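Reviewing the structure listed below.
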Amino acid sequence: MLGYVMPLYVYVIEDLLVALILLSSFVMLSSRWISFYIHAYGFQSFLIFILTLVLGIESQNIDLYFVAFLTLFVRTIVVPYILLKMIKKFSIKEEVKLIIKIPLSIISGLLLTVFAYFLIYRLISPFSPKIVINASSIALSLIFIGFFMIISRFTTITHILGLLVIENGIFLLSVVVVPTLPIIVELVVLFDILVTVAAMLILSMFMKMRTGSFSTTMLNRLVG
Amino acid sequence: MKIFIITFLIIPLFASLSSFIIKNKRFAEYISLFSSSLDLIGAFVILYFSISLKTVSIFNGAIVIDKFGSYIILLVSIVYFVSSMYGISYMRLAIEDEQMTDGEFFRYYLFLNLFALTMLIAPMINNMAIYLIDIELTTITSAFLVIAEVTEKSIEAAWKYIVIVSAGISLALLGTILFYLSGNIQGSGNIALSMDWTNLSLNAGYLNKDIVRFAFVLIVIGLGTKVGFAPMHTWLPDAHSEAPSPISSMLSASLLNTAMYGIMRYFNIAGENLGFNFPRTIMIITGLFSLFIGVMGIINQKTTKRLFAYSSIEHMSIISLGFGLGGIFGTFGALLQMLGHSLIKPVMFFGSGNFLHKYKTKDINKIKGAFYVMPKTAFLFSMGALALIGAPPSIIFISEFLIILQSLKNGYYWITVLLISFLIAAFVSLLSKTGSIVFGKADDNFNAEKGDFSPFSYVPMLLPLAACIILGFYIPHSLHSLLIGIVHIIK
């Protein structure tokens, strides 16, 4: 957390939490089942909630408490609940169609993580402690992994989850690097997540009604 | 002024909700037309205020409207007005021809006015993060307009649109956060206390240069997705071709300008910080590459609306090139091109909408001899095509001429050569395609009833076309001084 001096235990917790967050994104990369993805996303959001809460307590920043509990409510409870309910309603048991196989996905995820680390190191190393570099490089790698999930998986639900992982990465970056970010921005971003998820779910329901599947592989009519 | 701005924004909201609740078709049509005409008048009033009172700043600086902002508001309201007028004719025909259900009809009017509302808000907002969220809301409202007629193709287009653009906006959000970070680290003196563009551009000199460089590239990629810069343009032809014609024109002629506005705000901040060479180089490179993709798309297209969607990409890249070349002529030309694009793109999309209802196809090879079938539409369509490709006397001729002049003035002769050759390629292919639509020999077994549709189908084409041609002859002094003022804001 830039600009604050924290006790040692916060650094240990922060390191541990961001490592687990990275791990949960790799769980998404390595699984074939949609419900796995949603649970991993909920777990990841829960970890981000704990991180935000710890940072809020240590820096005595009321805004961060508020943001933390909103994260808990929106990202950990509401969004995964909607997605799971949707799966139940349409009784989706289909596997995710992968364009890139799982081992290769994991290797690509690793490469993206390393790339994010170097990018962040190059950008903010002159003025920030090591712990911030670690945490923010993991945040950036979440963004990259989210993009990778969108391009390598052919289901509407995984597209939504890819976008959500990108948003998680941006949120983590903003909490770790710029804790003084105005609270209105966080609120609006959370609102935006809800609206986007709702819109995409409605669209994918239309798609299910018309084409009988959530798979996006048949979306190939419009070319050129 | 506060009350005026609030009223200005409540009018479309009221129109959308009331048309959805009352569920009377005639009422929904005319309340949208009425609200859009009120907003057009309101946009002129805001423009007048921002010229005479310098900058409107209300609600503690949460809403700031300077000349640039009010110019974009004017462009949006012009397109909103003509689109809601044309929508009356288009939707009546859609109910007759395509069995559009009542639910779809009222959903269309609900989201039409909401879409216009989100676009009218965007240029007023001072906080750039909220601006980006507003752009995201334009994506969602317009995605529901793309599926106004639920077909497999339109669902595909809306899905691609929402996924690609949301991902792009999140990158732009990352760029915005990095801009904020660049003013909040040691050595910068913690000057960026908020994400307002007024604040950032005031303190632009103190921002961290490395981070600003990275953040500006992210902004161009992110908002460039919305503007339709290649290679992030892939959603654009799909959404434009599958949406109903009034929505295609709103997407093309006003949404792209609204997103371009955001890029130019950051352009100013990055330029004040790094010197203008860096952002200009980026705009020139994106502009040239998108120009190439746009012109190649124009040459390859076989359907009317995709043709004009690629033409939008071409126009936006010329605008980007104009801003990138900078100087008085380049920036002035780019701003004028924005106006020309907003005036002439609706004409082309409305014409294609009329042909779609008459010929029941978007295929260019099957639409022939429109001049004999629907003379008024065909006349306006062909005039519009001439104005679109920059034949004098149209405003686009002047703007493209100014941009070419600026490239010569800067001494970038290779840009001049590339730009002129791309423009000629677009000229030839657009002219041959529209020529075959208008004057080609009609199919013998084509037996639809001859004649135009109701006046609502061609009057909205006539008004902007006339404005475009008159402005091509004579640019009023007030418009000239407004644009010069915006040039000084951007530079």
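Odds and ends about this structure:
- Of B:Ile424, B:Gln406, B:Phe332, farthest towards positive along the dipole that unit charges on Lys, Arg, Asp, Glu beta carbons give segment B:276-491: B:Ile424
- Per-residue average of Cβ from other chains inside 10 Å of B:38-51: 0
- Going from the isolated chain to the complete set of protein chains, segment B:290-333 loses at least 30 Å² of heavy-atom accessible area (1.4 Å probe) at B:Arg306.
- Of the peptides B:154-166, B:244-256, B:277-289, A:205-217, the ranking by mean beta-carbon count within 10 Å, highest at the top, reads B:244-256, B:154-166, B:277-289, A:205-217.
- Cα convex hull of segment B:400-491, projected area averaged across orientations, nm²: 9.9 nm²
- Among the listed pairs B:Lys23/B:Lys368; B:Lys25/B:Lys376; B:Lys305/B:Lys441; B:Lys67/B:Lys345; B:Lys160/B:Lys209; A:Lys97/B:Lys433, those beyond 29 Å (Cα-Cα): B:Lys23/B:Lys368; B:Lys160/B:Lys209; A:Lys97/B:Lys433
- Relative contact order computed over chain B (Cα-Cα under 8 Å; 6+ residues apart), in percent: 15 percent
- Summing charges over neighbours of A:Ile82, with a neighbour being any other residue whose Cβ is under 13 Å away from its Cβ, gives +4 when K and R count +1 and D and E count -1.
- Added length on full extension, which subtracts the Cα-Cα distance from 0.36 nm per residue, B:His477 to B:Ile299: 60.3 nm
- Summary of the geometry: segment B:463-491 and segment B:249-306, compared by the centres of their Cα atoms, lie 20 Å apart.
- Here segment B:276-491 is treated as a Stokes sphere of Kirkwood radius computed over C-alpha pairs; at 20 °C and 1.002 mPa s its diffusion coefficient rounds to 120 µm²/s.
- Label sites at B:Phe44 and B:Ala448, each approximated as a point 7 angstrom past Cα along Cα to Cβ, lie 3.5 nm apart.
- Average Cα contact separation per residue, chain A, under 8 Å, 6 or more apart, as relative contact order %: 23 percent
- Net dipole in debye of the protein assembly as shown [+1 Lys, Arg Cβ; -1 Asp, Glu Cβ; about Cα centre; nearest 20]: 940 debye
- In this simple spin-label model, placing a label point 7 Å from the Cα along the Cα-to-Cβ direction at both B:Tyr413 and A:Thr211 gives a separation of 5.2 nm.
- Calculated on the alpha-carbon coordinates, the convex hull of chain B measures out at 123 cubic angstrom per residue.
- Against the empirical curve 2.2 N^0.38 Å, the C-alpha radius of gyration of the protein assembly as shown lands at a ratio of 0.94.
- Highest average packing first - B:477-487, A:20-30, Cβ atoms within 10 Å: A:20-30, B:477-487
- Chymotrypsin sites (Phe, Trp or Tyr not before Pro) restricted to segment B:385-491 and DSSP loop, no more than 11 other C-beta within 10 Å: B:Tyr474
- Length-normalised contact order for segment B:333-395 - Cα pairs under 8 Å, 6+ apart - percent: 40 percent
- For the peptide B:170-177, the mean number of other protein chain Cβ atoms found within 10 angstrom of a residue's Cβ is 5.
The values are calculated or read from the model by the stated rules, or taken from the named source; none is laboratory data. Being a predicted model, the structure only gives us computed values, none of them experimental. Note that we place each Cβ from the backbone using ideal geometry, even for glycine, and neighbour counts take in every protein chain shown. These accessible areas exclude ligands, DNA and RNA; they are computed on the full protein's heavy atoms, side chains included. Shrake-Rupley method; radii C 1.70, N 1.55, O 1.52, S 1.80 Å.
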